[in-house]
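Every read-out reported here was derived from the displayed coordinates using simple, explicitly stated rules and does not represent laboratory data. Computed from a prediction, not measured in an experiment: that's the story for all the values here. So basically every Cβ, Gly included, is an ideal-geometry build from the backbone, and we count neighbours across all protein chains shown.
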Amino acid sequence: MNFLDYFKSKKTNTASVAKERLQIIVAHERGQRDQPDYLPQLQQELLEVIRKYVQISDDMVQFEVDRNDSFSVLELNVTLPEK
Amino acid sequence: MARIIVVTSGKGGVGKTTTSASISTGLAKRGHKTVVIDFDVGLRNLDLIMNCERRVVYDFVNVIQGEASLNQALIKDKRVDTLFILPASQTREKEALTKEGVEKIINELSETFDYIVCDSPAGIEHGALMALYYADEAIVVTNPEVSSVRDSDRILGILQSKSRRAEMGQDPVKEHLLLTRYNPDRVERGEMLSVSDVEEILAIPLLGVIPESQVVLNASNQGLPVILEGQSDAGQAYEDAVARLLGEDREHRFMTGQKKSFFSRMFKGG
């Protein structure tokens, strides 16, 4: 920091940007970590079955596993294309 | 029964070997019979940091494969007489570290040592998995920087799912956060993640904060574990970390920056 910099406006706080980005990515990765190993395969096969009947792209299907204490819920959301 | 401590991080270059050298030296200095094992097959460096690189005759893989006895391979430290080093092999394949082989050696060491410190290689491949598999405790070395924190979280996930304790359904591996290369001045300027930021994200207990210091490089240049630089901030910070590892209650130090006067800020740079 030199004489002139001292009077410049405050620099952006990059540490808080880092913290925010980390909180998001770490939460996302922890969610994936807890998923059962077979999930990607299951996801792929379900997609193939659905495609036998309707033409959908990968991003039109959402898989979500919700964990509760005694049970887990596999939530499958399929957006059907408009006719 | 020895306490088995893995020093791990996921990311490379954050200070695992520096930490392994200092923590094991610190434990031994307090009279605990300690062995530090280099798990980085092919890229051995603990010997250099501990200044015994010219005394390596046999290594970890030789012992696993029955080509040498443990006593032949263990190198006795010249400074602290309760400290021993088991060097990694420089020439073998990583896969030479089998789960059974490592277990056999750890069991044998367990009979005579109080502490077994496992210096993990970087990454999450075979060598890193072997280093953490038998651990009772883990020191997760982290720099206050995005990629290091993310990798540390990944390693925590592996400790919780792939260690022996996890597989056997025993009590989980006890996790400790060691934040290294910490620069309080940069934290105060909002340029670096703070201790509390990293604690909040990783959510594991803090073992210590090692300030970024020129002493660390100077010590490794000479093959001196930095904890033996007793006058330095980094050396004292490691000393505190060892004390906490042994259950002592020590206040954290070296977490605030040098206060600079208005004039020195203006003319000498922040």
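When chain B is treated as a GNM with alpha-carbon contacts under 10 Å, the residue of B:VAL57, B:VAL242, B:VAL198 showing the greatest mean-square fluctuation is B:VAL57.
For B:LYS16, the aspartates and glutamates whose Cα falls under 12 Å of its own Cα, not counting residues fewer than eight places away in the same chain, are B:ASP38, B:ASP40, B:ASP119.
Legend: residue pairs A:LYS19/B:LYS29; B:LYS76/B:LYS99; B:LYS94/B:LYS174; A:LYS19/B:LYS174, Cα-Cα distance threshold 28 Å; pairs beyond threshold, A:LYS19/B:LYS29.
For peptide B:188-195, what's the mean number of Cβ atoms from other chains within 10 Å of each residue's Cβ? Provide the component values of the computation, followed by the final result.
On the way: counts 1, 6, 8, 6, 3, 6, 3, 0.
Shielding by partners across B:188-195 averages 4.
When you restrict to C-alpha pairs under 8 Å that are six or more residues apart and normalise by the size of segment B:3-246, the relative contact order lands at 26 percent.
Hydrodynamic analysis of segment B:3-246 uses the Kirkwood radius over alpha carbon pairs. Inserted into Stokes-Einstein at 37 °C and 0.692 mPa s, it gives a translational diffusion coefficient of 185 µm²/s. Helix A:14-33 and the longest principal axis of the Cα set of chain A meet at an angle near 20°. Comparing B:THR82, B:THR98, B:THR18 in a Gaussian network model of chain B (Cα springs below 10 Å), the most mobile by mean-square fluctuation is B:THR98. Mind grabbing the base-10 log of I(q)/I(0) for the protein assembly as shown at q = 0.11, 0.12, 0.13 Å⁻¹? Debye formula, identical points on the C-alpha positions, no solvent, two decimal places. Debye intensities relative to I(0), on a log10 scale: -0.81, -0.92, -1.02. The alpha-carbon of A:LYS52 sits under 20 angstrom from the alpha-carbons of these aspartates and glutamates, leaving out residues fewer than 8 places away in its chain: A:GLU82. State the percent of C-alpha pairs, over all pairs in segment B:1-131, separated by a distance greater than 18 angstrom. For segment B:1-131, the fraction of Cα-Cα distances above 18 Å is 46 percent. For the peptide B:149-161, the mean number of other protein chain Cβ atoms found within 10 angstrom of a residue's Cβ is 3.
Taking Cα atoms only, the orientation of helix B:99-112 departs from the longest principal axis of chain B by about 80 degrees.
I'd like the mean, over residues of A:18-24, of how many other protein chain beta carbons sit within 10 Å of each residue's own Cβ.
5
Taking only the alpha carbons of chain A, we obtain Rg and Dmax values of 22.0, 70 Å in that order. Just checking the listed ones, B:ARG164, B:ARG92, B:ARG189: in the Gaussian network model of chain B with Cα springs under 10 Å, the one fluctuating most is B:ARG189.
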